[in-house]
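The values are calculated or read from the model by the stated rules, or taken from the named source; none is laboratory data. The structure presented is a predicted model; accordingly, all values stated were derived computationally and were not measured. FYI the Cβ positions are ideal-geometry reconstructions off the backbone, even for glycines, and counts take in every protein chain you see. Surface accessibility is based on the protein's heavy atoms, side chains included, excluding ligands, DNA and RNA. Shrake-Rupley method; radii C 1.70, N 1.55, O 1.52, S 1.80 Å.
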Amino acid sequence: MRDTSPKVDKLSSLGYVVKVQHVIDFLVLAELQSGRRFGKELDQVITKTLKGVGVNDSYLSQRLKKLAEKGHAHSYWDSDNRYYRYYEITESGIEYFKQLQRDLPERVALAQRVYQAFDSTLKKFE
C-alpha cells in the first residue's frame, strides 16, 4: 500500500523544543540576580513560578552543581550552619542568562505549537 499522505518536512526534533535544564537554569539565574539564595529557596521560587509544578530535589541539586561547575554560579556553605548551601550568580552566569533570554522565546513558541498540535490529536480519541 502506497502512502498518499502529504509530505511534511521536519522542522525540528522534540528534544530541541524546550529542555527542562534550560527552564531550570533560567529560573535559577533570574532569581540569583536578586542576591544569594540557598537551594530550598530556589526550589520554592521554581514551584511558585510554574504554578505548583516543581522539580525533583536531586535534579535541582544536579543543575545547581552543573551551574557552579561551569562557572555560572558560585556555591558555598553558610559558615555557621552547613545545612544552607548558598548560590550567587557570576559574570559568566549573567552572560548565560542573557543567552537563554535570547534563545528561549522561540523555543517556547515552538513548544506551545507542538503541545497544541498534540492536544488536537488527543482530542480525536476522546
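Criterion applied to Asp43, Asp103, Asp119 was being over 14 Å from the mean Cα position of the chain (by Cα) and not small (Gly, Ala, Ser), and the one residue passing it is Asp119. Exactly one residue out of Leu29, Leu104, Leu110 is of a type outside the set (Phe, Trp, Tyr) and at pLDDT below 95, and it is Leu110.
For the stretch 75-120, filtered to residues that are in contact with a helix residue (DSSP H, G or I) (Cβ under 7 Å, 6 or more places away or on another chain) and open to solvent by 60 Å² or more (accessible area, probe 1.4 Å), the residue that is farthest from Tyr16 (Cα to Cα) is Arg85. Flag: Ser34 does not match the condition of being open to solvent by 70 Å² or more (accessible area, probe 1.4 Å), farther than 28 Å from Ala109 by Cα and small (Gly, Ala, Ser). If I ask for residues that are at pLDDT below 95, open to solvent by less than 30 Å² (accessible area, probe 1.4 Å) and among the hydrophobic types (A, V, I, L, M, F, W, C), which ones from the stretch 37-65 would you list? Hit for the stretch 37-65 is Val55, nothing else. Only one of the numbered conditions (1) part of a helix (DSSP H, G or I); (2) surrounded by 11 or more Cβ atoms within 10 Å (Cβ to Cβ) is violated by Gly15, and that is (2). Scanning the stretch 20-65 for residues that are touching a Phe, Trp or Tyr at 6+ places or on another chain (Cβ under 8 Å) and touching a residue at least 60 places away in the same chain (Cβ under 8 Å), we see that the one that is nearest to Arg85 (Cα to Cα) is Leu32.
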